[in-house]
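Remarks on the structure that follows.
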Amino acid sequence: MSRTGKRLLLVLILFAIITSSAACAGTGAGSTGSGTMSAGSGSGSAGIAGSGTDTDKEKGENAGQTDALPEKTVIRLAYTAGGHVFNAIAQQQGYLDEEGISVEYVPVKTDAEVFRGIKEGTIDVASNSGTNLPLQMISEGMDLTIFGGYLLTGCMPIIAKTETPWTGIEDLIGKKAAFEPNVYAVTGPLLDRGYDPVHDITWLEFEDQADRIKAVESGEADFALVGTDLNYEVNKNPGIKVLAYASDILPDYSCCRVEASSKWVSENPNTVKALLRAWIRAMAYYDAHHDEIVSLMVDVTGREEEFVRAYLDNPRFGLNVDPMRESVRRAWEYMDRLGLLDEEAKRINIDEHVNTALYGEALDECQMKYGKENLKFYEKLQSQFAKNNPIPEPEDEQ
């Protein structure tokens with residue numbers, strides 16, 4: 001069945017459900033305490049279990065089963081100091097409660113902790129570990145599925161001393177840079193321009209990104225690139241200037257994807273869809289209540305307003321729940337060309353590790369129930385989904 005036909009089927013089924021007074025999700029009281037987001041009981045939504053290239057074609061075939069309960073009601077989310085904007089909104093506005101799920105934060109300081117937690121089963125979902133790192137883990141044999149997004153573009157600045165001239169990313173060639181070549185948003189375009197950035201640049205690696213700023217200050221490094229959370233530190237440093245941002249170089253580069261073990265996604269499709277619906281609604285709220293969200297994130301993170309505004313007010317800070325298959329494919333290709341993936345990556349079809357069907361169904365269900373409240377928002381998301389998540393060609397499925 002074509003996608004249009006499936007959507008028509010979805011509309012007819014959901015219309016019948018709505019007219020018989022069935023709800024998309026249940027409701028319940030919620031409370032917050034000791035780092036755990038709690039929600040009352042409620043119903044989730046049915047989805048396509050598992051991951052792989054066939055899920056896009058299956059989108060809509062189970063649509064309308066919105067009375068299905070989430071398989072798990074507690075989701076353990078890896079949580080960094082910067083917080084999670086969508087989840088904070090979803091908790092505050094009761095969207096998690098209405099979906100019958102709660103999110104328990106698992107504090108982490110490093111990405112190594114995140115992927116170790118997924119392997120050991122102490123973390124269900126990760127959303128702040130970039131795109132390059134989950135792709136590297138997949139190339140090394142870790143069975144992960146990307147099913148959503150968080151930051152499409154983070155405001156990741158390339159910095160240098162204030163007196164440093166800058167004409168473009170070619171200025172990095174032959175210089176010392178305090179970040180890693182796996183930042184494909186920079187090294188990928190250099191490849192396209194005929195350079196070999198892995199060898200044409202001297203890479204200085206620091207486990208603590210704050211040390212990258214110090215390396216530029218001391219002259220140890222000519223340039224550095226730091227994460228979104230470091231914008232405040234950069235802005236208040238009079239000896240440092242921002243030359244460009246990663247998204248200036250590679251638009252929609254896919255900053256942070258949402259991933260979990262493929263087994264967890266396969267076993268909990270209704271839970272995944274419930275979480276995605278809550279985050280999609282949070283995204284709509286975020287778009288319409290910016291200043292309120294600044295205050296919310298100040299409360300949630302415990303950081304001062306200036307720190308939060310340093311990234312939330314930056315127009316390059318782009319949040320989006322869409323899994324963005326095309327951006328993931330591009331990242332995978334760049335990292336392969338850079339020689340940053342395991343040799344086994346040649347045998348891996350990355351499409352089999354990107355599930356777009358669950359997000360697509362969650363988006364359809366949200367639009368069906370809440371679309372009249374925010375028509376343009378849902379039309380924009382549907383357009384983005386169609387553009388960025390094409391069905392893989394048959395030969396890609398071999």
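The values are calculated or read from the model by the stated rules, or taken from the named source; none is laboratory data. Note that the structure is a prediction, hence the values are computed from the model and not measured. Glycine also receives a Cβ, built like all others from the backbone with ideal geometry; neighbour counts cover every protein chain displayed.
Quick notes on this structure:
- Selection status of Lys380, modelled with pLDDT under 95 and assigned to a helix (DSSP H, G or I): no
- Flag for Glu352 being touching a residue at least 40 places away in the same chain (Cβ under 8 Å) and either out of contact with any Phe, Trp or Tyr (no Cβ under 8 Å at 6 or more places or on another chain) or outside any helix (DSSP H, G or I) (or both): yes
- Qualifying residue in region 357-369 (condition: surrounded by fewer than 21 Cβ atoms within 10 Å (Cβ to Cβ) and either in contact with a Ser or Thr (Cβ under 6 Å, 6 or more places away or on another chain) or among the charged types (D, E, K, R) (or both)): yes
- Filtered by the rule that a residue be within 19 Å of the chain's Cα centre (by Cα), aromatic (Phe, Trp, Tyr) and farther than 28 Å from Asp192 by Cα, region 297-355 gives a lone residue, Tyr311.
- Counted residues, region 87-104 - those being under 20 Å from the mean Cα position of the chain (by Cα) and small (Gly, Ala, Ser): 3
- When the criteria are applied in full, Met297 fails the requirement of being on the phi > 0 side of the Ramachandran plot and in contact with a Leu (Cβ under 7 Å, 6 or more places away or on another chain).
- Being out of contact with any Lys or Arg (no Cβ under 7 Å at 6 or more places or on another chain), surrounded by fewer than 20 Cβ atoms within 10 Å (Cβ to Cβ), of a type outside the set (Ser, Thr, Tyr) and over 21 Å from Ala88 (Cβ atoms) holds for only one residue in Glu373, Glu326, Glu305, and it is Glu326.
- Residue, farthest from Leu363 (Cα to Cα), within region 304-341, restricted to residues that are in a helix (DSSP H, G or I) and hydrophobic (A, V, I, L, M, F, W, C): Phe307
Residue-by-condition table, conditions (1) among the small types (Gly, Ala, Ser); (2) surrounded by 17 or more Cβ atoms within 10 Å (Cβ to Cβ); (3) not in a loop (DSSP other than H, G, I, E, B):
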position	(1), (2), (3)
Val103	no, yes, yes
Lys109	no, no, no
Ala112	yes, no, yes
Thr122	no, no, no
Leu133	no, yes, yes
Met137	no, yes, yes
Ile159	no, yes, yes
Thr164	no, no, no
